[in-house]
1. Could you list, in sequence order, the residues of the range A:117-137 that are in contact with a Phe, Trp or Tyr (Cβ under 7 Å, 6 or more places away or on another chain) and crowded, with 20+ Cβ neighbours inside 10 Å?
2. Have a look at B:Thr64, B:Thr81 and point out the one that is closer than 23 Å to A:Val40 by Cα and modelled with pLDDT of 95 or more.
3. What are the residues in the range B:10-31 that are buried (at least 17 other Cβ atoms within 10 Å of the Cβ) and farther than 18 Å from A:Ile37 by Cβ, if any?
4. Among B:Leu147, B:Leu115, which is the only one that is under 19 Å from A:Ile35 (Cα atoms) and either away from chain A (no Cβ under 14 Å) or out of contact with any Ser or Thr (no Cβ under 7 Å at 6 or more places or on another chain) (or both)?
5. Can you find even one residue in the range B:127-136 that is farther than 27 Å from B:Leu9 by Cα, modelled with pLDDT under 90 and β-branched (Val, Ile, Thr)?
6. Out of the range A:16-37, which residues are within 18 Å of A:Phe95 (Cβ to Cβ), among the hydrophobic types (A, V, I, L, M, F, W, C) and more than 22 Å from the chain's Cα centre (by Cα)?
7. Is it the case that the range A:133-146 has a residue that's within 14 Å of chain B (Cβ to nearest Cβ), free of Cβ contacts under 8 Å to residues at least 60 places away in the same chain, hydrophobic (A, V, I, L, M, F, W, C) and at negative phi?
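The values are calculated or read from the model by the stated rules, or taken from the named source; none is laboratory data. Here the structure is a predicted model, which means the values were calculated and not measured. We place every Cβ from the backbone using ideal geometry, glycine too, and count neighbours over all the protein chains shown.
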Amino acid sequence: MNLQSVFDWLQGWPISDAIRQSSWLFPTIECVHVIAITLVVGSVMIVDLRVLGLTSIRKPVSELSWEVLPWTWGLFVVAAISGSLLFASKATAYFADIPFRLKILLIGCAGLNMLFFHFVPLKTLRRWDQGVQAPVIAKLSCALSLTFWVLVVAMGRWIGFTIQG
Amino acid sequence: MLHHFAVWLAATPVSMFIQNVLWIIPTVQTVHILAIAVVMSSVAMINLRIFGMAGRSASMVQTTDRYVPWIWIALIVLAVTGATLITGEPVRSLVNPAFQLKMAMLVVAIAVTALFQVTVKRHAPFWDLTPRSVGAARAMALMTFVLWCAIAVAGRWIAYMILDYAS
């Protein structure tokens, strides 16, 4: 089974066909996708800026993370499902698209960076949960996270200029 | 009238410059979306506080002080990037019903945000949620969030309404 047959299979789904035929289905799913992404990126910013010591500094990092990140995950699932539907409607075209590939790659980078943050700097959280003295490696990871997510948004917008709706 | 202005604006050197440099519109749109991310998540954090689902260790006044200034900063960025996009694509935006609806809803959202910021400080106990006030505060919070979502939807729909005006 090669990739093209997977794409053909995705594009053959009834929902994919409906998205291609309808004048309002694609923009509606896209709106859900965009709103979910803005909330994912905004909530990630809130936590990253806290670790960097720039905002919410009266609150422990752990408390803010517990309040914000479950929503981030929920909304990421919404963004992933809506994004997958848009992808399925024109899988071959998206897969061939450079900004789309870069976007997926950058989401992967953001995920790996998150795993790194979880398993390395977060192990010593007890020492820097309060105040603004997170270790350099934690701050570096959060600065990278901000960079990756900004670029994910940029690539997402760029897709709109390379794939005709 | 508005259409004439849009056509005139499209022919100005500054508009031509924005149209002719390929990367300007996608880049400015990216900054616009990032500022929307700041507004949406700031409004969401205030709402979670009002619903008692996050940030309960902070008072309403503290929560407002933390997030409302970011809404104003992001709105300035949105105004500047939005004005750039209008200048670059005046016919696509100004005479577009999705754009016009977006601007009308935006005026309401800005008024509600300003009113909220003022009343939180004046009536701190109301916002710190006595059982009597909790329903009204939550209803307002929910409506505001729906309004911001509707503004984002109308903004995205500008790209789809333009098709009717292209010919």
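1. Initially, the range A:117-137 is screened for residues in contact with a Phe, Trp or Tyr (Cβ under 7 Å, 6 or more places away or on another chain), giving A:134-135.
Hit for the range A:117-137 is A:Ala134, nothing else.
2. Values: B:Thr64 fails: modelled with pLDDT of 95 or more.
Answer to the check: B:Thr81.
3. Correct list: B:Ala10, B:Ser15, B:Ile18, B:Ile25.
4. Exactly one of B:Leu147, B:Leu115 is under 19 Å from A:Ile35 (Cα atoms) and either away from chain A (no Cβ under 14 Å) or out of contact with any Ser or Thr (no Cβ under 7 Å at 6 or more places or on another chain) (or both), namely B:Leu147.
5. The first filter runs over the range B:127-136 and keeps only residues farther than 27 Å from B:Leu9 by Cα, leaving B:127-136.
Filter once more, so that each one left must be modelled with pLDDT under 90: B:127-136.
This time we only want the ones that are β-branched (Val, Ile, Thr), so: B:130, B:134.
Looking for residues that are farther than 27 Å from B:Leu9 by Cα, modelled with pLDDT under 90 and β-branched (Val, Ile, Thr), one finds at least one in the range B:127-136, hence yes.
6. Within the range A:16-37, just A:Ile19 meets the criteria.
7. Taking the range A:133-146 and keeping what is within 14 Å of chain B (Cβ to nearest Cβ), we get A:145-146.
Filter again for free of Cβ contacts under 8 Å to residues at least 60 places away in the same chain, leaving none.
No, every residue in the range A:133-146 fails to be within 14 Å of chain B (Cβ to nearest Cβ), free of Cβ contacts under 8 Å to residues at least 60 places away in the same chain, hydrophobic (A, V, I, L, M, F, W, C) and at negative phi.
Residue by residue, here is whether (1) away from every other protein chain (no Cβ under 12 Å); (2) under 20 Å from the mean Cα position of the chain (by Cα) holds:
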residue: B:Val21; (1), (2): yes, no
residue: B:Ile24; (1), (2): no, no
residue: B:Ile33; (1), (2): no, yes
residue: B:Gly52; (1), (2): no, no
residue: B:Ser59; (1), (2): no, no
residue: B:Gln62; (1), (2): no, no
